[in-house]
Amino acid sequence: MSRVDHAGLSAKFLAAEANAEFHDRRLWDLRMKRDQQMAMIPEWQDLRDRASAIKEHTLSQLDRYLEEFEANATKNGATVHWARDAAEHNEIVHRLLSERGVRTLVKSKSMLTEECEMRPYLEARGIKVIETDLGERIQQLDDEPPSHIVIPAVHKLRGDVSKVFARTIGSEPGNDDIHYLAKSQRDDTRPYFLDAEAGMTGGNFIVAETGAVVTVTNEGNADLSANVPKLYIACVGIEKLVPRLADLAIFIRLLSRSAIGSPISQYTSHFRKARAGGEMHIVLVDNGRSARLGMADFWTSLKCIRCGACMNTCPVYRRSGGLSYRAVYAGPIGAIIDPTFDLKKFSALPFASTMNGSCTDVCPVKINIHEQIYAWRRVIAEQRQLPFVKREAMRIAGRIFSSPKLYRLALKLTRLANNGLPRFAIYTMLNPWGHHREVPAPPVETFNAWYRANRGGRR
Amino acid sequence: MRVALFVPCFIDAFFPQVGVATLELLERFGVSVDYPLDQTCCGQPMANNGCQADAAATEALFLKNFSGYDYVVAPSASCTHHIRKHFDAIPQTEAVTQLRARTFEIVEFLHDVLKVEAFPWAEFPHKVGLHNSCSALRALKTASISEIAGESFSKPLALLSKVKGLTTALPARPDECCGFGGTFSVFEEPVSARMGYDKVRDFAQTEVEYVVSADSSCLMHQQGCAERLGLGMKFIHIVEILNGARA
Ligand code: SF4
């Protein structure tokens, strides 16, 4: 796979001015709301410490807790399946569906099924998959992946949504009233809930002690997906585990506040067993997670509870949009887990960062996101995955900066070039700096020259 | 107290007056300052791009120039951050760990080490907006940030409050990164420039005459953006104001 051109894709994103402006403002607004919620909880930093400690503890004994979860879920009457990777996950789900003659599957939002590319897999095998989360449905109808892990269509203006709905589900063209659009989607989706032979959810958490799959949503569509059809399948990554029900309370307090700045979500649902006469299956998926657990610099990325706060605060994500990462996971969290899926393809993403560090400070489970971004840069350079231009630039810079003589000479040449070259040359091919910014004029002398001239006698 | 002055490469090349102001300011407080003539760079550009091998010789040269001092002081939070938190392309000998611990950014040095009470010579009768670089804010923690609840403090503002006539205004997003980011500014040019535009527009709506910062790199980027947008504000390093610049 070729390297994702994040810079080029950002330029495209920014070219749609109204969308770009709205995207930044909307996400910043969520960041502000998150700050307000934080301010109301004096023990916020303590909660983050605890959440982080619980996750680290759980990850360090993941096998034990997973087995406890399996035992308790089985006791509840659910069936637990283990999927080593995306392919196994898709096969298991397909087998469960096809053995029962399922033709339509309703599902709520799940990043894991995106990661496994389950929808196209099932659709190619004749199974209709209906996303029931509003944002996810918008993206499905528009044939785009989600651009944000919590708000899949955050990059779309309501006018964009209106167009998609008019084209695909027959809503009134030109009507971009938010309530009307939401109702149109609900009216379109409701019949599928009644027709579908199977429902699917992801899981925000699974609890070892109770064997429950926990979803945290605002629309109630996860509950419908899980409860209305006879067959319920929950697909969950193995890192979503917490040991005890009591532990969960800490995460529930942090999750919605961090995600969208609301004290709690509308629904926090614990699914333990199938409804009367139905079946419940839980597919636990690894897909690279246990390998990540073995990476000394990156294993704590598995603490992630997918709240999206790091994306909302990220000044680069806000101004480039999720789709510019060309990955299931965008933004800061994407930059540190995408390379574990395909180092070469995603090698530009850890460089799509100013290293400002805001992500780390908002992360409710205290993942040192920006330090991991930094660490990935080393891995990428060591694995020789830097673009040729950058690699050469750094090699030359390293030589110049390590020699006072070369450094002085280079400065002299640059100063000549800056003074001597026509502006267009500096501003076009030679230096992308100048596309949108003026180039500083070099002063008459360097500090070094000033010092030699004025303080030369002293050392 | 033996103090060495580190004037990072882009300040050396583009903002010599910042180096001069730092030197003079330290001397005003009776500090005798060495400026090792063979200094170049701290290795940050290479290291930030993951190129440890390319950073090693530069870090070794930095060590050669600056070891043995009680303090190394630099008018750059970004470079100080690199030295203190990274700077590990060379073996971490005793001399290296000492050097890293003894390197200070100028605001920290004035505030925490010299504990400066007053700048009697400083007068700046202008309305300024303070830009804290992300290195200053989230790495060196010279000011509190909005992401973390807690007591609010600001070392740069504490210093600026001792300057006669100076008033400050707060932009809507005071802690937002301005988008410089080192080579990010070139390799991710579209986003970098957009962030810079947003930053200077945010300052413009507060009607400040000057944007002041402890990092010349952020200032260079913002100035480039403001000039292109035709915004009238000016940009100045905090040491220039503290050293008595009038305009
Ligand atoms: S990395 Fe942290 S802030 Fe980002 S989505 Fe995960 S939990 Fe949330």
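The values are calculated or read from the model by the stated rules, or taken from the named source; none is laboratory data. If you're wondering where the values come from, they're calculated on a predicted model, not measured in any experiment. Counting neighbours? That spans all protein chains shown, and the Cβs are built from the backbone with ideal geometry, glycine included. Remember, those area values only see protein heavy atoms, side chains included, never the ligands or the DNA or RNA. Shrake-Rupley method; radii C 1.70, N 1.55, O 1.52, S 1.80 Å.
Table for the structure above
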| item | result |
| --- | --- |
| A:P404 crowded, with 23+ Cβ neighbours inside 10 Å and at the interface with another protein chain (Cβ under 10 Å from one of its Cβ atoms) | no |
| Unmet requirement for B:C42, which otherwise passes all of (1) assigned to a helix (DSSP H, G or I); (2) within 11 Å of chain A (Cβ to nearest Cβ) | (1) |
| Of all residues making up segment B:19-38, the number that are not small (G, A, S) and not in a helix (DSSP H, G or I) | 8 |
| Selected residue (only one of A:A18, A:A11, A:A53 is aliphatic (A, V, I, L, M) and touching a residue at least 24 places away in the same chain (Cβ under 8 Å)) | A:A18 |
| Residue in segment A:256-267 that is farthest from the other protein chains (Cβ to nearest Cβ), counting only those that are under 25 Å from A:G199 (Cβ atoms) and more than 16 Å from the ligand (Cβ to nearest atom) | A:Y267 |
| Pairs where the first residue, in segment A:115-134, is outside any strand (DSSP E or B) and the second is open to solvent by 60 Å² or more (accessible area, probe 1.4 Å), C-beta under 7 Å, 6+ apart | A:I127/A:R103; A:D133/A:E219; A:L134/A:E219 |
| Residue in segment B:125-144 that is open to solvent by 30 Å² or more (accessible area, probe 1.4 Å), at the interface with another protein chain (Cβ under 7 Å from one of its Cβ atoms) and either touching a Leu at 6+ places or on another chain (Cβ under 6 Å) or farther than 17 Å from B:I238 by Cα (or both) present | no |
| Filter result for the condition that a residue is in a helix (DSSP H, G or I), among the aromatic types (F, W, Y) and touching a Ser or Thr at 6+ places or on another chain (Cβ under 9 Å), over B:F104, B:F109, B:F62 | B:F62 |
| Residue in segment A:56-75 that is β-branched (V, I, T) and not in a helix (DSSP H, G or I) present | no |
| Out of A:R395, A:R391, sole residue that is over 22 Å from A:G8 (Cα atoms), more than 14 Å from the ligand (Cβ to nearest atom) and surrounded by fewer than 22 Cβ atoms within 10 Å (Cβ to Cβ) | A:R395 |
| Segment B:181-213, subset open to solvent by 40 Å² or more (accessible area, probe 1.4 Å) and of a type outside the set (V, I, T), residue nearest to the chain's Cα centre (by Cα) | B:E209 |
| Boolean, A:R3 is under 23 Å from B:G181 (Cβ atoms) and outside any helix (DSSP H, G or I) | yes |
| Among (1) open to solvent by 60 Å² or more (accessible area, probe 1.4 Å); (2) in contact with a Ser or Thr (Cβ under 9 Å, 6 or more places away or on another chain) - the single one A:P120 does not satisfy | (2) |
| Residue check for A:R378: in a helix (DSSP H, G or I), out of contact with any Pro (no Cβ under 9 Å at 6 or more places or on another chain) and either more than 16 Å from the ligand (Cβ to nearest atom) or at pLDDT 95 or above (or both) | yes |
| Selection from segment B:154-192 of residues that are more than 7 Å from chain A (Cβ to nearest Cβ), within 21 Å of B:S76 (Cβ to Cβ) and free of Cβ contacts under 8 Å to residues at least 40 places away in the same chain | B:S154, B:L157, B:S192 |
| Matching residues, segment A:4-22, being crowded, with 16+ Cβ neighbours inside 10 Å, more than 11 Å from chain B (Cβ to nearest Cβ) and of a type outside the set (F, W, Y) | A:V4, A:N19 |
| Any hit, segment B:70-78, residues being at the interface with chain A (Cβ under 8 Å from one of its Cβ atoms) and under 23 Å from A:W450 (Cα atoms) | no |
